[in-house]
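The values are calculated or read from the model by the stated rules, or taken from the named source; none is laboratory data. Please read these numbers as outputs of a predicted model, since none were measured by experiment. In this analysis, Cβ positions are derived from the backbone assuming ideal geometry, glycine residues included, and neighbour counts consider all displayed protein chains.
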Amino acid sequence: MQEEALNAIRGADTLEALQSVKTQYLGKNGLVTAQLKTLGTLTPDERRERGAAINLLKQILEAATQARENELRQAALEARLASEAIDVTLPGLALPAGGLHVITRILYELSDIFTSLGYAVVEGQEVEDETHNFDALNMPAWHPARDLQDTFWLENGQVLRTHTSNMQIRYMETHEPPLKIVVPGRVYRYEATDATHESMFHQFEGLVVGEGITMADLKGAIAEMGRAMFGKNARVRFQPSYYPFVEPGADFAIWWDQEQRWLELGGSGMVHPNVFRAVDDLREARGLTRIYEGKTGFAFGLGPNRIAMLRYGIPDIRYFYANDLRVLTQFRGDL
Ligand code: PHE
């Protein structure tokens, strides 16, 4: 039987054929198993001898089966490698490259300008409490200015920040002056959307606090930014305006020499004393020193969406956030 079984095993040319040979001899109802079952009828001496012989046969057949299985698997693998060989001379697929969003690129550009002037870049939370979005910015609940910014309220009484100015408070609350920061980020307004209004958009905030900071420093910072973004002939223009957290407050525009026109970019002003007082109150509540009263500083906030729209002739703010590749791929730039 051994010879016949070994021939059958070596002759199996597929794994399935091998499996059926294995079952035929070694399976539960196989020929070898059947022999083992006859042992009960023998005398103890015969049984020992015969049992050892059957077990040896079983081991030989198992080893042969395993060896044949390895051969078949190796052959299958070699066949597959041969059939799937890669032709490295074929031209590759042109995978589309990703890129930075046009607004991200403007925010990076602005951040680079201000870091070169010694500012730190700070980001902050978009879900905010009333204290940091309004109250500490000199906008208590009864203040009419709250209506200037239509607010998304969350069920828990928090808001989606209506401006990046919340980070003025958050930063001063935990850092001591002198300081210079800029804050790129998303803001939210509960407004009907149209070509120039979107319920989510971006802002870029600046805050400088120290001793003896004046409106001239504010003007210098904006002028520096204007020249870096719009060329050396850029000029700045300030017009009186009102924001509760600055006094005096001013809207600013930058002269875009190439297009011979003014770009209205944002709001600014000298930090209101009530803001410094509110920050000191928050610091005191944290066990920190009151350090802001008597300091001076300026703040500004501008709209990177507007810069991108004017610079690239994008007619509708909603294009920025619709994720339409026909729009996005035009502003891919370098990663
Ligand atoms: N937070 C103001 C806005 O969203 C902009 C601003 C920032 C004005 C800082 C003055 C100073 O309209």
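Here are a few things to note about the model shown:
One line per residue, one yes/no per condition, for (1) over 18 Å from Met167 (Cα atoms); (2) hydrophobic (A, V, I, L, M, F, W, C); (3) part of a loop (DSSP other than H, G, I, E, B):
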{"residue": "Glu247", "(1), (2), (3)": "yes, no, no"}
{"residue": "Leu263", "(1), (2), (3)": "yes, yes, no"}
{"residue": "Pro315", "(1), (2), (3)": "yes, no, yes"}
{"residue": "Arg318", "(1), (2), (3)": "yes, no, no"}
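- Single residue of Glu69, Glu46, Glu3 found to be touching a Leu at 6+ places or on another chain (Cβ under 8 Å), assigned to a helix (DSSP H, G or I) and charged (D, E, K, R): Glu69
- Condition met for Asn133 (within 16 Å of the ligand (Cβ to nearest atom), of a type in the set (S, T, N, Q), touching a helix residue (DSSP H, G or I) at 6+ places or on another chain (Cβ under 8 Å) and touching a residue at least 60 places away in the same chain (Cβ under 8 Å)): no
- Note on region 257-273: among residues that are within 14 Å of the ligand (Cβ to nearest atom) and either crowded, with 19+ Cβ neighbours inside 10 Å or more than 35 Å from the chain's Cα centre (by Cα) (or both), the one that is farthest from Gly226 (Cα to Cα) is His272.
- Scanning region 199-219 for residues that are in a helix (DSSP H, G or I) and within 16 Å of the ligand (Cβ to nearest atom) gives Met215, Asp217, Leu218, Lys219.
- Condition check for Met229: within 18 Å of Glu109 (Cα to Cα), under 33 Å from the mean Cα position of the chain (by Cα), within 16 Å of the ligand (Cβ to nearest atom) and crowded, with 18+ Cβ neighbours inside 10 Å: no
- Screening Glu293 on (1) out of contact with any strand residue (DSSP E or B) (no Cβ under 7 Å at 6 or more places or on another chain); (2) part of a strand (DSSP E or B); (3) acidic (Asp, Glu) shows it passes everything except condition (2).
- Within region 113-154, tally of residues that are surrounded by fewer than 18 Cβ atoms within 10 Å (Cβ to Cβ), within 30 Å of the chain's Cα centre (by Cα) and part of a helix (DSSP H, G or I): 4
- Looking across region 232-256, the residues that are surrounded by fewer than 22 Cβ atoms within 10 Å (Cβ to Cβ), among the aromatic types (Phe, Trp, Tyr) and within 14 Å of the ligand (Cβ to nearest atom) come down to Phe238, Tyr242.
- Region 276-308: number of residues that are near the ligand (Cβ under 10 Å from one of its atoms) and either over 26 Å from Arg105 (Cα atoms) or over 31 Å from the mean Cα position of the chain (by Cα) (or both): 1
- Filtering Glu173, Glu205, Glu191 for residues that are within 28 Å of the chain's Cα centre (by Cα) and at pLDDT below 95 leaves a single hit, Glu191.
- Of all residues in region 267-290, those that are of a type outside the set (Val, Ile, Thr), part of a strand (DSSP E or B) and in contact (Cβ under 8 Å) with a residue 40 or more places away in the chain total 3.
- Contact annotation: no residue pair with Cβ atoms under 6 Å, 6 or more positions apart or on different chains, pairs a residue in region 48-62 that is among the hydroxyl-bearing types (Ser, Thr, Tyr) with a partner that is not in a helix (DSSP H, G or I).
- Every residue from region 200-222 that is small (Gly, Ala, Ser) and surrounded by fewer than 16 Cβ atoms within 10 Å (Cβ to Cβ): Gly210, Gly212, Ala216, Gly220
- Of the residues making up region 17-30, those that are crowded, with 16+ Cβ neighbours inside 10 Å and out of contact with any Lys or Arg (no Cβ under 6 Å at 6 or more places or on another chain) are Val21, Lys22, Tyr25, Leu26, Gly30.
- Taken as a whole, the structure leaves Ala223 outside the set of residues that are of a type outside the set (D, E, K, R), assigned to a loop (DSSP other than H, G, I, E, B) and more than 16 Å from the ligand (Cβ to nearest atom).
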